[in-house]
Amino acid sequence: MRRVAPLAILALTFGLLPGLLNAARAEDSKPLETDEGEGWISLFNGKDFTGWKISDKGLWKIEDGKIVANGPRSHLFTEKEFKNFEFKTEVMTTPGSNSGIFFHTKFQETGWPDLGYESQVNVTHKDPVKTGSIYYFVKLYKTPAKDNEWWTQSITVKGKNIVVKINGETVVDFTEQEGVTGPHKLSSGSIALQAHDPMSVVYYRNLRIRPLAD
């Protein structure tokens, strides 16, 4: 029995190892958080781009239930439009990558979106405006987000107010001035993800939205 015990322990160890590895992989595939309450709408089925439109003939991909933003400049627009809402997605950047989440925008066949606002996605790209910023309006030069780690980025629009959170931490609370005119104005519109350039690789998963009352 003294000789058998070490072998039994060894067999047990190796027998458990695949299960532990599988558990680690499963943990990586889990969402970072689970929303409680009703009213949430999933924007991505994890399989194809049903409900979305691609600009500039972009090279968007889906890998293991994740949207991959890579390739030449392109934007991925929701077909549905929203006014007041709470939007959440889980994001992961690779080092040196740049992307963005547009809202209250409209589909364009080509070019950078002319309408709406952009919540920046950028941890270590050379652009100094970092994740959570509202591009052109509120510039953050530091961010709690980190490359190669999933974070939750949420955008809440209610009337003239925009709140951006990273992992539940409010990083922007911005109110649009009354009487604003021009392309950057709250009204209603699509959500759009950005593929910034061929050197940037950014992942999105668990995209969902909860419309809010006017």
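Values quoted throughout were computed directly from the atomic coordinates according to the rules given, and no laboratory measurement underlies them. Since this is a predicted model, take the numbers as computed values, not measurements. Glycine gets a Cβ as well: all are built from the backbone with ideal geometry, and neighbour counts include every protein chain shown.
In a shell of Cβ-Cβ distance under 9 Å around TYR203, excluding TYR203 itself, what net charge do Lys and Arg (+1) and Asp and Glu (-1) give?
Working: positive: LYS66, ARG205; negative: GLU63, GLU90.
Local net charge: 0.
When PHE107, PHE102 are ordered from fewest to most other Cβ atoms inside 10 Å of their Cβ, what list results? List each step's numbers first, then the result.
On the way: PHE107 19, PHE102 24.
If I rank by nearby Cβ atoms, fewest first, I get PHE107, PHE102.
What is the mean projected area of the alpha carbon convex hull for the stretch 122-197, to one decimal in square nanometres?
On the way: hull surface 23.3 nm².
Mean projected area of the Cα convex hull: 5.8 nm².
Going out from 0 in 10 Å bins, what whole percent of all Cα-Cα distances in the stretch 65-202 drops into each bin?
Going out from 0 Å in 10 Å bins, the stretch 65-202 shows 13, 46, 36, 6, 0 percent.
Test of understanding: ordering TYR136, TYR117 by Cβ neighbours within 10 Å, fewest first, what list do you get?
Ordered from fewest to most neighbouring Cβ atoms within 10 Å, TYR136, TYR117 come out as TYR136, TYR117.
For THR131, THR105, THR170, what's the fewest-to-most ordering of other Cβ within 10 Å of each Cβ? Spell out each step's value before the answer.
On the way: THR131 27, THR105 24, THR170 12.
If I rank by nearby Cβ atoms, fewest first, I get THR170, THR105, THR131.
Counting only other residues whose beta carbon sits under 14 Å from that of VAL163, what net charge do I get with K and R as +1, D and E as -1? Mind dumping the intermediate values first?
Working: positive: LYS88, LYS158, LYS160, LYS165, ARG210; negative: GLU86, GLU169, ASP173, GLU176.
Combined, the nearby Lys, Arg, Asp and Glu give +1.
So what J values fall out for the stretch 102-113 if you push phi through Karplus, 6.51 cos²θ - 1.76 cosθ + 1.60 with θ = phi - 60°, rounded to Hz, Gly and Pro as x?
8, 8, 6, 10, 9, 4, 10, 5, 8, x, 5, x
What are the ³J(HN,Hα) values, in whole Hz, obtained from phi via the Karplus relation 6.51 cos²θ - 1.76 cosθ + 1.60 with θ = phi - 60°, for each residue of the stretch 68-84 in sequence order, with x given for Gly and Pro?
10, 8, 7, x, x, 3, 6, 9, 10, 9, 6, 6, 7, 10, 9, 10, 9
Give me the net charge of THR181's neighbourhood, meaning all other residues with Cβ under 15 Å from the Cβ of THR181; Lys, Arg count +1, Asp, Glu -1. Working shown, then result.
On the way: positive: LYS160, LYS185; negative: ASP114, GLU176, GLU178.
Local charge sum for THR181: -1.
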